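Here, each number is a calculation from the coordinates, and none is a lab measurement. This one's a predicted model, so the numbers in the text were calculated from it and none came from an experiment. Reconstructed Cβ throughout: ideal geometry from the backbone, glycine too, with neighbour counts over all protein chains shown.
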Amino acid sequence: MYISVLKVKIIWTAFNAILGNDEDTPDLPRGCSFGSGGIGPAQVDTASVPGGYYSNRVGETAAAAGVRVLFNSEPTTKVHAVLGTVVGRYNIFRGTPAAISGNLVSVSSEARSRQWLFWNFKKIAKNVAGRPYLAARQLLLRKG
């Protein structure tokens, strides 16, 4: 769901009124502005590509848009550059035991190896199954 800049300005004005700020111009969080056509950070230089949809073209497009650091979903400790820095990441979910979270940052990590194996298994499944894989994934996520 998207809301217009006007609606955001109205919300900020109401918020400021509740807090007793009588100024006509809404106060925005530091680093945000009502720019041409939208509200958001004055400059975004860090971004994330969800769900394994990273490619070199995505990296190049992000770099062209001013993104200097781009996180992808691939579990890796390696960092590589494609007109910017691309960084993988590991997952810690709510309810992840502290022992596993701690193991992710250890020198010889079984948890990192497990995430890497599972990720690469899914990568093969996506390539082999194609659209049926994506449909099954959506079904499982809805039930989760």
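Which shape class, rounded, prolate or oblate, goes with the stretch 96-144 when its Cα gyration tensor gives a ≥ b ≥ c as root eigenvalues, a/c under 1.5 marks rounded, and past that a/b bigger than b/c marks prolate? Oblate is the answer for the stretch 96-144, as a/c is 1.5 or above yet b/c matches or exceeds a/b. The stretch between residue 138 and residue 92, if pulled fully straight at 0.36 nm per residue, gains 14.5 nm over its current Cα-Cα span. Rounded to the nearest Hz, the phi-derived 3J(HN,Hα) couplings of the stretch 51-61 under the Karplus curve 6.51 cos²θ - 1.76 cosθ + 1.60 (θ = phi - 60°) are x, x, 9, 6, 8, 4, 5, 4, x, 5, 5, where x marks glycine and proline. Summarising the label geometry, the points placed 7 Å from Cα in the beta-carbon direction at residue 131 and residue 108 lie 4.7 nm from one another. Couplings 3J(HN,Hα) of the stretch 97-108, computed from phi: x, 4, 4, 6, 4, x, 5, 4, 9, 7, 4, 10 Hz, in residue order, whole Hz [Karplus 6.51 cos²θ - 1.76 cosθ + 1.60, θ = phi - 60°; x for Gly and Pro].
Amide H neighbours of residue 85 under 5 Å, counting only residues 5+ apart in sequence or on other chains, H built in-plane at 1.01 Å? Residues meeting the amide H criterion: 69, 70. Taking a ≥ b ≥ c as the square roots of the eigenvalues of the alpha-carbon gyration tensor, the stretch 43-89 is classed prolate because a/c is 1.5 or more and a/b outweighs b/c. Amide H to amide H, with H built 1.01 Å from N, residue 48 comes under 5 Å of 71, counting only residues 5 or more places away or on other chains. Computed extension length for residue 57-residue 71: 3.6 nm, one decimal, from 0.36 nm per residue of separation with the Cα-Cα distance subtracted. Under 19 Å from the 7 Å Cα→Cβ point of residue 118, by amide nitrogen: which residues of the stretch 81-102? Of the residues in the stretch 81-102, 88-102 have backbone N under 19 Å from the label point off residue 118.
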